[in-house]
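Input: a single structure, listed below in structure tokens.
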Amino acid sequence: MSSGLILILAILVLGGVIATIGDRIGTRVGKARLSLFNLRPRRTATLITILTGTVVAASTLGILLGFSGPLRTGIFELESIQRRLRKTRGELDTARGQLDAVNNQKRQIETELNQARSQRQTAEKQLQETNQSLQSAIVERNKATSSRLQTQAELERNQRQLATVSDQVLRFRADIEQLKAERLRVIAEGEEEIKAKNAVIREREEQLKSLEAQQDYLVQEIARLEREAEGLRRGNVAVQRGQVLASAVVRIVDPAMAQVAVDQLLREANRNAIQLARPGTQEQQQIIQITKAEVEQLVRQIDNGRDYLVRISSAANYLIGEAPIQVFAEAILNQVVFQPGDVVAATSLNPATMSDAQIQQRINLLLAAAGFRAQRLGIVADTVQIGRVQNLIAFIEKIREYNQMIELRAVAAEKTFTSGPLKVEFVAADNGKVLLRSQDRSQPQN
């Protein structure tokens with residue numbers, strides 16, 4: 001049973017008890033004809049009944065107030081509560097109005113936000129397209145810049161080599177003249193000394209011829225590089241004249257396979273030409289041109305079962321996007337040019353009278369002479385490999401220990417074919433006797 005029902009039951013019981021007591025008191029007072037406050041007995045009985053009813057009402061109200069906090073609050077604080085309620089309702093109405101305004105602003109902001117997002121997506125798409133275009137332009141510019149800088153660097157390097165070779169030519173000519181003068185002075189000193197001087201003169205004359213030939217080659221190379229540099233300054237050169245687009249060493253045992261090998265090289269050359277002249281192009285179209293007569297001649301040349309180095313090269317300079325690209329084919333018999341130990345180039349030096357820079361310069365000159373001779377003999381590789389740099393540094397340090405004129409040779413380190421590359425090692429000798437080598441024979445070259 002809940003506390004509210006108990007409270008109601010208690011009030012009813014108490015009211016009934018008090019009413020019964022009041023009735024009995026009123027009856028007794030009426031029978032006794034008592035008088036209070038000089039009232040008549042009947043009035044006194046009425047007064048007692050009124051007081052009894054008042055006590056019943058007061059006790060009921062007291063019980064309700066004593067046991068019900070909400071009732072006390074409702075009786076004594078009702079007006080304050082109503083005032084706060086009215087104020088709260090007013091504030092609630094104001095808050096609802098503000099909420100409606102905020103909701104309207106929110107909907108407006110969401111609309112503007114959606115528009116901004118749409119505009120941002122459009123701008124991002126445009127930015128991506130712009131970035132892709134910019135990256136493509138940067139890549140093309142970097143390629144052109146790299147090619148131009150590489151050509152310029154090669155031009156400057158060849159110019160320095162030309163200056164070095166020219167100085168060397170002048171020194172050799174002066175040495176020859178001096179030796180000729182000495183030969184005239186020492187004729188009377190003996191036949192053997194004359195023969196020695198003549199041998200030195202012949203060696204110097206051979207070196208002079210080699211250096212003069214190298215000088216002519218460098219002059220031609222500088223002229224070619226200057227022309228290519230001029231072409232690079234005028235536009236983006238994608239394919240340079242003489243650039244090898246495809247190459248391979250082939251041996252055709254079955255003559256019927258010669259055409260297949262040539263077609264495969266031409267397809268490779270076409271793919272490389274597309275990558276160079278039309279970077280980013282996915283379609284595979286024919287952009288190189290070669291005459292049918294050249295192809296047939298090439299097929300007939302290589303179908304005899306011998307080893308050939310076949311190269312497909314560009315016939316001219318071509319800019320990015322330019323097509324068609326004219327090419328030419330050449331087949332070189334891939335035969336042995338140098339055996340291991342063959343002298344490719346030689347020079348002389350006196351470490352006691354030369355600085356480290358001068359020794360390094362003389363070695364660089366020897367390498368240039370070796371590369372020049374390799375090209376004259378038909379080796380197609382552009383570079384001369386010298387093996388491990390650590391071995392060369394140790395070789396130069398050991399050269400510093402000699403105090404007399406020694407002969408410095410660049411000799412083939414292994415069997416070298418026309419297809420290259422040419423690998424050399426340095427040998428220091430005195431009167432034909434080997435003093436030291438740059439390559440450790442117990443270790444293979446890189």
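Quick notes
- Filter result (within 24 Å of PHE417 (Cα to Cα) and within 28 Å of the chain's Cα centre (by Cα)) within region 247-294: GLU268, ALA269
- Residue match in region 386-396 (condition: touching a residue at least 60 places away in the same chain (Cβ under 8 Å) and farther than 30 Å from LEU245 by Cα): no
- Extreme residue, farthest from GLN404 (Cα to Cα), among residues of region 297-348 that are among the basic types (Lys, Arg) and surrounded by fewer than 16 Cβ atoms within 10 Å (Cβ to Cβ): ARG300
Table: residues versus (1) closer than 30 Å to ARG24 by Cα; (2) at pLDDT 80 or above; (3) part of a helix (DSSP H, G or I); (4) in contact with a helix residue (DSSP H, G or I) (Cβ under 8 Å, 6 or more places away or on another chain).
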| position | (1), (2), (3), (4) |
| --- | --- |
| THR60 | yes, no, yes, yes |
| GLY97 | no, yes, yes, no |
| ARG107 | no, yes, yes, no |
| LYS125 | no, no, yes, no |
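- Scope region 387-444; condition among the small types (Gly, Ala, Ser) and either within 39 Å of the chain's Cα centre (by Cα) or closer than 24 Å to ARG204 by Cβ (or both); matching residues: GLY387, ALA394, ALA410, ALA412, ALA413, SER419, GLY420, ALA428, ALA429, GLY432, SER438
- If the condition is being more than 11 Å from ILE312 (Cβ to Cβ) and surrounded by 13 or more Cβ atoms within 10 Å (Cβ to Cβ), then region 258-270 contributes ALA258, GLN259, ALA261.
- Taking the criterion of being loosely packed, with under 14 Cβ neighbours inside 10 Å and either touching a Leu at 6+ places or on another chain (Cβ under 8 Å) or under 19 Å from ARG241 (Cα atoms) (or both), the only residue of region 274-285 that qualifies is GLN275.
- First in region 1-24 and of a type outside the set (Val, Ile, Thr), second anywhere and at pLDDT below 70, Cβ under 7 Å, 6 or more apart: LEU7/PHE67
- Number of the condition not met by PHE328 [criteria: (1) more than 30 Å from THR281 (Cα to Cα); (2) out of contact with any Leu (no Cβ under 9 Å at 6 or more places or on another chain); (3) part of a strand (DSSP E or B); (4) not aliphatic (A, V, I, L, M)]: (1)
- The set of residues in region 164-179 that are hydrophobic (A, V, I, L, M, F, W, C), crowded, with 16+ Cβ neighbours inside 10 Å and farther than 16 Å from ARG202 by Cα contains only VAL165.
- The residue that is nearest to TYR308 (Cα to Cα), among those in region 372-384 that are in contact (Cβ under 8 Å) with a residue 24 or more places away in the chain and within 35 Å of the chain's Cα centre (by Cα), is VAL380.
The values are calculated or read from the model by the stated rules, or taken from the named source; none is laboratory data. Values in this document were obtained by computation on a predicted structure and should not be read as measured data. Here Cβ is always computed from backbone atoms with ideal geometry, including for glycine, and neighbour counts include all displayed protein chains.
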